[in-house]
Amino acid sequence: IRLQAKSGLLHGKKVIITAGSTREALDPVRYITNRSSGKMGFALAQAAAEQGAHVTLITTVTKPAIYGVNQILVSSTQEMFDAAIAAFETADIFIGAAAVSDFKPEKTDHHKIKKTGDSGLTLKLVQNPDILKTIGQHKTHSQIVVGFAAETQNVEAYGADKLVTKNADMLIANDVSRSDIGFSSDDNSVTILTRDKQPEFLDRAPKITIARHIISRIVTL
Ligand code: CTP
Ligand code: CA
């Protein structure tokens, strides 16, 4: 049993976190997704709850309950978008840790797609709404918005771009080209970017350790 802190640096604060990989249905039995496991989002939820926050975790994967964390299960980007926008209205902090599918099929078939002769299949994908960007555009002065950047090259530079384009207060740049960290791993190594401080590189460590450090940096904002 993990008891929620009765005090703590985020006591009474409402924190919204997205986690996992969204799924875009092609038909009732198939979907497009990515390699995110949701572990970083769950670690952040635990770290925020340890500091006394009321956490709403909007997630595509279920894991054992964490005291102080209310899990909302979603599947598609649109579902995650709707849940996140609604929850953010009364929130103090938003953390976008989900690996959101940038594209979705233009249409979802109601029935299983069948093969036709020997021919292949061309899929047309359209762009999904950007949850983090929308929330960044609508935040008030008292709300803090934190995003992630999943990059395979120029990690810090692309992360710095996203800090600005998403109107975020903090951006966690994540090198997802390394197989020892990031997607599905229990460890991570990230660079924390903010508007007014030098980038802070965090060497490889368990995701819960990284998460606790990120939460402590959010507290200083
Ligand atoms: N994100 C989001 N909604 C989307 C796409 C991304 O909320 N439709 C969020 C992610 O949760 C993450 C941040 O935006 O916090 C950056 O995601 P990333 O995939 O690195 O960047 P994109 O803006 O999607 O740009 P690209 O994938 O083209 O690099
Ligand atoms: Ca993306």
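Taken together, the values in this text are just the output of simple stated rules run on the coordinates, not laboratory data. From a predicted model like this one, the values you see are computed outputs, not experimental measurements. So basically every Cβ, Gly included, is an ideal-geometry build from the backbone, and we count neighbours across all protein chains shown.
Couple of notes before you dig in:
- In the chain, the longest principal axis of the Cα atoms and the axis of helix 77-88 are about 30 degrees apart.
- Residue-count net charge about L57 - beta-carbon cut-off 13 Å; Lys, Arg +1, Asp, Glu -1: +3
- Of D169, D196, D82, the one that fluctuates the most in a GNM where the chain has Cα springs shorter than 10 Å: D196
- Its Cα centre serving as origin, the range 78-127 has a Cβ charge dipole (Lys and Arg +1, Asp and Glu -1) of approximately 480 debye.
- Using equal-weight Cα scatterers in the Debye expression, the normalised intensity of the chain in log10 at q = 0.10, 0.13, 0.15, 0.17 Å⁻¹ is -0.44, -0.73, -0.95, -1.20.
- Distance distribution P(r), the range 140-191, all Cα-Cα pairs, bin width 5 angstrom from 0: 5, 23, 26, 20, 14, 8, 4, 1 percent.
- Counted charge near D130, where neighbours are those whose Cβ lies closer than 9 Å (Asp, Glu -1; Lys, Arg +1): +1
- For the range 195-219, the residues whose backbone nitrogen is under 17 Å from a point 7 Å from the Cα of A157, taken along Cα to Cβ, are 199.
- Considering only the chain, percent of DSSP beta bridges that pair antiparallel, nearest 5: 40 percent
- Counting beta carbons within 10 Å around each of I72, I181, I113 and listing the fewest first gives the order I113, I72, I181.
- Calculation over all alpha carbon pairs of the range 11-85 in 5 angstrom steps from 0 returns a P(r) of 3, 17, 26, 22, 16, 8, 4, 2, 1 percent.
- Cβ charges +1 (Lys, Arg) and -1 (Asp, Glu), total dipole of the chain, debye: 420 debye
- With only the Cα atoms considered, the range 33-141 has a convex hull volume of 126 Å³ per residue.
- 222 nm mean residue ellipticity, helices alone, for the chain (DSSP H n ≥ 4; -39,500 (n - 2.57); rounded to 500): -8000 deg cm²/dmol
- Förster-model FRET efficiency, 25 Å R0, D180 and S216, C-beta, rounded to 0.05: 0.55
- Within the range 1-128, percent of DSSP bridges classed antiparallel, to nearest 5: 25 percent
- Positive minus negative residues near N154 (Lys, Arg vs Asp, Glu; Cβ under 12 Å): -3
- In the chain the longest region clear of trypsin sites (Lys or Arg not before Pro) that are loop-assigned by DSSP and have at most 13 other C-beta atoms within 10 Å covers 36-106.
- In the chain, the longest principal axis of the Cα atoms and the axis of helix 39-50 are about 30 degrees apart.
- Relative to the longest principal axis of the Cα atoms of the chain, helix 207-220 runs at roughly 60 degrees.
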